[in-house]
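Engineer: Sharing a structure with you now.
The values are calculated or read from the model by the stated rules, or taken from the named source; none is laboratory data. All of these numbers come straight from a predicted model, not from anything done at the bench. A quick note on method: Cβ atoms are made from the backbone with ideal geometry, for glycine too, and the neighbour counts reach across all protein chains shown. Accessible surface is based on the protein model in full, side chains and every heavy atom, while ligands, DNA and RNA are left aside. Shrake-Rupley method; radii C 1.70, N 1.55, O 1.52, S 1.80 Å.
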Amino acid sequence: MAVKVGAETQCVRIMTSVAVLPLHDMRIFAGEVAQADILCDGRLILGVGRGAFAYEMSRLGVPLEVSRERFDESLEVLRLLLGEEEVSFNGKYYRFEPLTTMPRPLSQPMPQMMIAALRPEAIYHCAKRGYHVQTTPLQSSREHMLEQVTAFHRGRAECRPGGKHLRLSLSRVLFAAKDAADVRAKEKLAHEYYKRFDNVFGGAGKVSHGAIEPLPRKQTIAELAQNILIGTAAQLRHRLNVYAEVGVDELIVNMNIGASQAETLASMRRFGEEVMPHFAGSVQQTAGAV
């Protein structure tokens with residue numbers, strides 16, 4: 001997908017969200033990343049994570065219980081393979097003699113990397129180590145989101161030799177509705193979406209023929225509406241001001257809540273024409289991201 005976007009654009013940076021490293025062999029994946037970096041003209045930012053969906057991870061042979069240590073080792077191997085030649089490794093999951101991934105990345109010393117993290121303490125450590133960060137409060141409160149943002153800025157400030165270039169991306173369910181009635185309809189749709197999301201995100205994992213079963217959830221529609229971004233263009237401009245003020249650099253927008261294609265395209269158009277221009281100064285400064 002990154003290569004497809006790269007072929008259709010010239011300027012935007014292209015970020016993956018996210019590649020689950022424990023599910024890949026880093027010796028193969030490093031070559032795929034290098035090739036994508038070349039075909040994207042060096043505009044690729046590789047977003048990576050340990051995996052969050054128990055259903056997916058268990059089916060693919062990497063239970064969540066071992067995904068953290070496997071991710072840590074995979075990340076180390078990937079950094080070495082992308083940044084150096086004649087790499088050998090002797091770890092718990094990877095043991096191999098010297099090899100060089102070819103072709104070498106266009107971005108030197110390697111493509112930029114962004115790590116997906118949820119817990120404020122994990123966000124802090126990622127930023128402190130010099131990584132861009134992707135996060136989301138999911139359906140948690142505004143206060144939790146602020147804790148995540150604060151943790152990032154604390155880690156960035158402590159990054160050595162310097163972390164001013166590091167960026168924070170926040171993923172949110174968002175829908176630009178046409179009017180108040182449409183807002184209420186899309187909030188109900190989002191509640192149905194989360195019945196399925198919860199099922200595979202730490203839930204029972206009830207899936208049949210690729211279809212995720214909706215399961216009952218305790219959070220009401222009204223409670224959910226407080227913690228996601230569904231509203232008219234004017235409402236979204238107001239609510240997103242908070243994100244700009246606290247220092248969120250980029251918004252990863254998820255409009256895939258089950259609306260029709262025509263409705264989703266209309267939402268994208270409203271967001272692009274009536275919401276994004278309100279933050280044009282920030283967009284021009286950061287050059288934007290897909």
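Engineer: Accessible area per residue of the chain at 1.4 Å probe, in Å²?
Structural biologist: Numbers: 15200 Å² over 290 residues.
Here the residues of the chain average 52 Å² of exposed surface.
Engineer: Measure out, as a whole number of angstrom, how far apart the alpha-carbon centroids of the stretch 151-205 and the stretch 1-37 sit.
Structural biologist: The two parts, judged by their Cα centres, are 22 Å apart.
Engineer: I've got another one for you. Name all residues of the stretch 37-77 having a backbone nitrogen under 20 Å from the label point set 7 Å from the Cα of HIS209 along its Cα→Cβ direction, giving them as ranges.
Structural biologist: In the stretch 37-77, the label zone of HIS209 (backbone N under 20 Å from the point 7 Å along Cα→Cβ) covers no residue.
Engineer: Counting Lys and Arg as +1 and Asp and Glu as -1, what is the net charge of the other residues whose Cβ lies under 15 Å from the Cβ of GLU85?
Structural biologist: 0
Engineer: Choose one of ILE123, TYR193, VAL183: the residue whose Cα lies farthest towards the positive end of the charge dipole of the chain (beta-carbon charges +1 Lys, Arg; -1 Asp, Glu; about the Cα centre).
Structural biologist: Of ILE123, TYR193, VAL183, it is VAL183.
Engineer: Within the stretch 147-191, what whole-number % of the accessible surface is contributed by carbon and sulfur, with the 1.4 Å probe and all protein chains included in the calculation? Please report the intermediate quantities before stating the final value.
Structural biologist: Working: 1120 of 2100 Å².
Solvent-exposed carbon and sulfur of the stretch 147-191 make up 53 percent of the total.
Engineer: I've got another one for you. Projected onto the charge dipole of the chain (+1 at Lys/Arg Cβ, -1 at Asp/Glu Cβ, origin at the Cα centre), which of PRO137, VAL62, PRO111 gives the Cα projection farthest towards the positive end?
Structural biologist: PRO137
Engineer: Leaving out ligands, DNA and RNA, what percent of the accessible area of the stretch 42-130 is carbon and sulfur, probe 1.4 Å?
Structural biologist: Details: 2350 of 4640 Å².
In the stretch 42-130, the share of accessible area belonging to carbon and sulfur is 51 percent.
Engineer: So, with +1 on the Cβ of K and R and -1 on the Cβ of D and E, and no other charges, what is the size of the charge dipole of the stretch 111-234 about its Cα centre, to the nearest 20 debye? Spell out each step's value before the answer.
Structural biologist: Working: 19 positive and 11 negative charges, 75 e Å.
Dipole size: approximately 360 debye.
Engineer: Let me ask you something else. Sum up the lysine pairs in the chain that clear both bars: alpha-carbon distance under 17 Å and a spacing of 8 or more or different chains.
Structural biologist: Final tally of qualifying lysine pairs is 7.
Engineer: Right, next: Using a Gaussian network model of the chain with C-alpha springs under 10 Å, which one of ALA244, ALA181, ALA151 is most mobile by mean-square fluctuation?
Structural biologist: ALA181
Engineer: Separate question: Can you pull the Kirkwood radius for the stretch 32-148, inverse mean 1/r over Cα pairs, to one decimal in Å? Mind showing how you got there, number by number?
Structural biologist: On the way: mean 1/r = 0.0627 Å⁻¹.
Kirkwood hydrodynamic radius for the stretch 32-148: 15.9 Å.
Engineer: I've got another one for you. For the stretch 193-273, what % of the accessible area comes from carbon and sulfur atoms, probe 1.4 Å? Write down the numbers at each step before the final one.
Structural biologist: Details: 2380 of 4530 Å².
Percent of accessible area from carbon and sulfur atoms in the stretch 193-273: 52.
Engineer: Between ARG142 and ILE28, how high is the FRET efficiency from 1/(1 + (r/R0)^6) when r is the Cβ-Cβ distance and R₀ = 30 Å? Nearest 0.05. Walk me through the numbers before you get to the answer.
Structural biologist: Details: r = 41 Å, r/R0 = 1.38.
It comes out at approximately 0.15.
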